[in-house]
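These notes are about the structure you will find just below.
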Amino acid sequence: MLSPFDKQMFSTTGCLLALLLFGPRLGAAEGKHYTQRPEIAPAEVRSEAAKPQAEATHLQDDLLKNGPTPQWIWGADDNRRYVLRKEFEGGATRGWLKASCDNRMRLLLNGQEIARTSDWQRPVEVEVSKLLKPGKNLLEADVTNLGGAAGFVLKRALAKPGEKTRYIISDASWQAREPRKSTKPVSARTVAPLGDGPWKDVFAAPASVSVFANTFRLLPGFQVERLFTVPREELGSWVSLAFDNKGRLIASDEGRKGLCRITLPPVGTSQEVNVERLDVNISGAQGLQWAFDSLYVMVNGPGSGLYRLRDTNGDDRFDEVTKLRPLAGGGEHGPHAVRLAPDGQSLYLVCGNHTDPPPKIDASRIPTNWGEDLLLPRQWDANGHARGRLAPGGWIAKTDPDSKKIEFFSIGYRNAYRFAFNGDGEMFAYDSDMEWDIGMPWY
């Protein structure tokens with residue numbers, strides 16, 4: 001699932017461009033232009049980003065293992081969401097904290113998100129020296145319980161050369177309030193000291209070292225530019241993009257807001273990015289590919305299929321939309337990417353396991369007598385997901401520029417969303433797992 005943060009377009013100078021893609025589905029006016037001046041996004045050099053991990057062990061041994069014992073705390077009701085907050089004096093040159101929450105936590109320091117987690121069994125450690133300021137500082141934890149015991153625990157060490165280490169711990173001095181309510185904050189309720197309760201000494205478990213949210217980790221010599229912040233109310237949720245033959249980007253909304261064309265400024269200049277909504281009746285593309293003087297579009301949703309867009313009169317506008325091949329599928333496991341073959345003569349498509357194979361398969365690298373062969377009784381997903389979806393599952397196929405014929409190339413996927421070719425023409429695909437599973441394979 002996608003996170004509900006604002007979507008933004010970024011580029012690393014000279015090498016990479018990426019999109020964070022979110023938003024609802026509303027209408028937008030055709031032909032409207034949007035401009036934005038690029039700006040440098042927060043980043044740290046990867047070699048420097050590794051330093052906090054080494055420092056984490058040092059500080060945990062020398063600081064976080066000492067000092068007072070924190071308390072597990074919460075608001076008055078285990079089943080309510082709270083914002084727990086604590087003001088403290090700054091003045092330190094070094095700061096490190098360790099925290100855990102049963103079940104979900106979003107941690108902020110002076111309004112900057114520094115960590116989030118939904119795994120109470122693995123505490124988070126954060127080096128926060130850069131965010132400390134003189135005078136009053138504010139630490140906030142937005143906490144949610146999903147049932148059972150509720151608790152939040154934190155220890156923070158503040159160090160300054162020549163001075164005694166100061167500690168901030170979770171205890172009854174914290175304040176608790178329910179978000180979006182105007183009620184006055186009240187003292188937090190203590191549940192148990194660290195080491196007691198159902199959580200035991202969770203701080204003894206291996207910790208995850210958190211990097212500040214929205215901070216890129218780069219190789220030396222690179223920087224990240226924020227090119228465009230997508231207005232979700234007008235342009236929706238961009239889920240696919242491709243370069244056209246003039247070096248411009250084409251992006252597609254996942255819903256009904258259509259395609260946009262992005263003209264990028266020269267690298268290193270302060271010129272504005274220009275985004276134009278295209279006047280063409282197509283949307284919902286999860287795959288885009290420029291090839292054979294055309295834009296190929298894999299539509300997922302109403303009218304699912306492989307489409308081709310052309311400019312037939314040379315006015316730099318798409319005036320011909322042709323549905324080359326219908327595809328019987330849709331949703332999260334429907335039609336996905338389209339790629340140009342390494343030889344430049346054909347296209348490859350990938351579809352999830354909720355997309356039926358075409359009625360006619362002209363050729364296949366795999367025997368087409370696929371079926372189900374089980375030694376033990378089948379155990380369908382308890383929530384009903386993908387019940388009845390049988391072989392061949394998700395598939396990758398090859399087709400010609402007009403998609404007159406189709407050749408099956410690989411099958412058996414759950415929901416491979418993208419694939420790519422290396423320099424030797426070998427294909428790589430990654431199968432998407434269930435949200436609660438880890439470890440689906442590369443192919």
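The values are calculated or read from the model by the stated rules, or taken from the named source; none is laboratory data. Source: prediction; values computed, not measured. Every residue, glycine as well, gets a Cβ built from its backbone with ideal geometry; the counts of neighbours run over all protein chains shown.
Could you tell me whether any residue of the range 383-390 is assigned to a loop (DSSP other than H, G, I, E, B) and over 17 Å from Glu332 (Cα atoms)? Before you say what the answer is, go through the steps one by one.
From the range 383-390, those assigned to a loop (DSSP other than H, G, I, E, B) are 383-390; that's our starting set.
Narrowing further to those that are over 17 Å from Glu332 (Cα atoms): none.
No, that holds for no residue.
Look at the range 361-376: where a residue is within 13 Å of Ile406 (Cβ to Cβ) and a partner is acidic (Asp, Glu), sitting 6+ places away or on another chain with Cβ atoms under 8 Å, you get Ile361/Glu407; Asp362/Glu407; Ala363/Glu407; Ser364/Glu407; Arg365/Glu407. Of everything in the range 90-105 that is assigned to a strand (DSSP E or B) and at pLDDT below 90, the residue that is surrounded by the most Cβ atoms within 10 Å (Cβ to Cβ) is Leu97. There is at least one residue in the range 321-331 that is in contact (Cβ under 8 Å) with a residue 40 or more places away in the chain, surrounded by 15 or more Cβ atoms within 10 Å (Cβ to Cβ), assigned to a strand (DSSP E or B) and among the basic types (Lys, Arg). Scanning the range 410-431 for residues that are within 22 Å of the chain's Cα centre (by Cα), of a type in the set (Gly, Ala, Ser) and in a strand (DSSP E or B) yields Ala420, Ala429.
Of everything in the range 304-331 that's among the small types (Gly, Ala, Ser) and over 27 Å from the mean Cα position of the chain (by Cα), which residue is farthest from Asp244 (Cα to Cα)? Spell out the reasoning first.
Within the range 304-331, the first condition is being among the small types (Gly, Ala, Ser), and the residues that meet it are 304-305, 314, 328-331.
Filter again for over 27 Å from the mean Cα position of the chain (by Cα), leaving 314, 328.
Working: Gly314: 14, Ala328: 28 Å.
Checked the range 304-331; the qualifying residue farthest from Asp244 (Cα to Cα) is Ala328.
With respect to Leu347, is the statement that it is at pLDDT 95 or above, farther than 21 Å from Phe409 by Cα and of a type in the set (A, V, I, L, M) true? Talk me through it step by step, then tell me what you get.
Values: at pLDDT 95 or above: yes; farther than 21 Å from Phe409 by Cα: no; of a type in the set (A, V, I, L, M): yes.
Considered against the rule, which asks whether it is at pLDDT 95 or above, farther than 21 Å from Phe409 by Cα and of a type in the set (A, V, I, L, M), Leu347 comes out as no.
Would you say Asp171 is buried (at least 17 other Cβ atoms within 10 Å of the Cβ) and in a loop (DSSP other than H, G, I, E, B)? Taking the combined requirement at face value, the residue satisfies it.
Per the conditions (1) over 28 Å from the mean Cα position of the chain (by Cα); (2) farther than 30 Å from Arg310 by Cα, the sole criterion not satisfied by Leu219 is (1).
The set of residues from the range 218-271 being over 14 Å from Thr35 (Cα atoms) and small (Gly, Ala, Ser) comprises Gly221, Gly236, Ser237, Ser240, Ala242, Gly247, Ala251, Ser252, Gly255, Gly258, Gly268.
Only one of Leu146, Leu138, Leu108 is surrounded by 14 or more Cβ atoms within 10 Å (Cβ to Cβ) and at pLDDT 85 or above; which? Don't jump to the end; show me each part of the working.
Numbers: Leu146 fails: surrounded by 14 or more Cβ atoms within 10 Å (Cβ to Cβ); Leu138 fails: surrounded by 14 or more Cβ atoms within 10 Å (Cβ to Cβ).
Checking each option against the conditions leaves just Leu108.
Residues in the range 139-154 that are within 20 Å of Leu64 (Cα to Cα) and without any contact (Cβ under 8 Å) to a residue 60 or more places away in the chain: Leu139, Glu140, Ala141.
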